[in-house]
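Peer 1: Pasting in a structure now, in structure tokens, and then I'll have a few things to ask.
Read-outs throughout are calculated quantities, based only on the coordinates presented, and are distinct from any laboratory measurement. All values derive from a computational prediction rather than experimental measurement. Here the Cβ is made from the backbone with ideal geometry for all residues, glycine too, and neighbour counts use every protein chain on show.
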Amino acid sequence: MIKNKKKPLDVRYSDALEALTPAQAQLAEMAAVARAPLATVRAWVSGKQKPNSTRMTLLAEHYKMQEDELFSEHHFDNANEE
């Protein structure tokens with residue numbers, strides 16, 4: 001592997017474009033843990049949709065939290081059930 005200081009600037013730029021942001025990495029982790037598509041996880045974090053009980057359990061176990069702690073108290077007030 002080429003060290004970063006030896007990479008041409010255009011390659012560094014291309015690599016940076018392909019890198020996940022922290023928010024994208026969090027969504028990807030949640031999707032992998034819950035075995036759900038990224039679009040579904042985006043709906044959860046935006047409050048448009050609530051994860052089903054199986055996925056809530058998977059997330060709670062992974063993040064070592066109670067299910068009722070995974071999202072803010074009123075996050076899903078206007079959400080559809082998955």
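Peer 1: Determine the dipole magnitude for the chain: charges of +1 sit on the beta-carbon of Lys and Arg, -1 on that of Asp and Glu, nothing else is charged, the reference point is the Cα centre, and the result goes in debye to the nearest 20.
Peer 2: With only Lys, Arg, Asp and Glu charged at Cβ, the dipole is about 720 debye.
Peer 1: While we're here: How about residue 48: which aspartates and glutamates have a C-alpha closer than 14 Å to its C-alpha, ignoring those fewer than 8 places off in the same chain?
Peer 2: Straight-line reach from residue 48, under 14 Å: 77, 81, 82.
Peer 1: Using the Karplus equation 6.51 cos²θ - 1.76 cosθ + 1.60 (θ = phi - 60°), what ³J(HN,Hα) coupling, rounded to whole Hz, does each residue of segment 36-51 give in order, writing x for Gly and Pro?
Peer 2: 10, x, 4, 4, 5, 5, 4, 5, 5, 6, 8, x, 7, 9, 9, x
Peer 1: For residue 49, which sequence-distant residues (separation of 5 or more, or a different chain) have an amide H within less than 5 Å of its own amide H, given hydrogens modelled in the peptide plane?
Peer 2: Those lying under 5 Å, H to H, from residue 49 are 44, 80.
Peer 1: Summarise the long-distance tail of P(r) for the chain by giving the % of C-alpha pairs beyond 18 Å.
Peer 2: Above the 18 Å cut-off, the chain has 51 percent of its Cα pairs.
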